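Read the structure below first, then the notes.
The values are calculated or read from the model by the stated rules, or taken from the named source; none is laboratory data. Just so it is clear, the model here is predicted, and its values are computed rather than measured. Here the Cβ positions follow ideal geometry from the backbone for every residue, glycine too, while neighbour counts run over all protein chains shown. The protein model used for the area step is the full one, side chains on, heavy atoms only, and it has no ligands, DNA or RNA in it. Shrake-Rupley method; radii C 1.70, N 1.55, O 1.52, S 1.80 Å.
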Amino acid sequence: MTEGEDEKMTHRWQKDADGILIFTGLFSAALAALLTVSVQDLKPNPQDTSAFYLGNIYQLLADPNISRASILATQVQPPDFSPPKSAVLVNSLWFLSLVISMTSALLATMLQQW
């Protein structure tokens, strides 16, 4: 009687591990797709930097009274970039959920091997 129950329990665990592996695979794929889009918010936008420099060039070319010496003296750097706190928080949660998903997949794989 006990051997049959053990076999049923082992079979049930294996089926559960299979389900966990399928779910974590799909979930991780969806997370990876969301992360590729969401991580872009953590980097400065190159278009903003280009627009900043083009605006400075336009101002320099639009004023004919500026000398070359004053142009070199007034080199301006774009403002420092810092990502929004909400983007950092959201990306942290995305990465945390990806780590948890991968850990559960690893544990399910170890359970199947056992």
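Just a few scattered comments:
- Considering region 13-28, the residues that are among the hydrophobic types (A, V, I, L, M, F, W, C) and open to solvent by 60 Å² or more (accessible area, probe 1.4 Å) include one that is farthest from Ser86 (Cα to Cα), namely Trp13.
- Pair list, Cβ < 6 Å and 6+ apart or interchain, from region 90-114 residues that are farther than 14 Å from Trp13 by Cα to residues that are among the small types (Gly, Ala, Ser) and exposed (fewer than 12 other Cβ atoms within 10 Å of the Cβ): none
- Checked against the criterion of being in a helix (DSSP H, G or I) and touching an Asp or Glu at 6+ places or on another chain (Cβ under 9 Å), the candidates Ser86, Ser92 yield just one match: Ser86.
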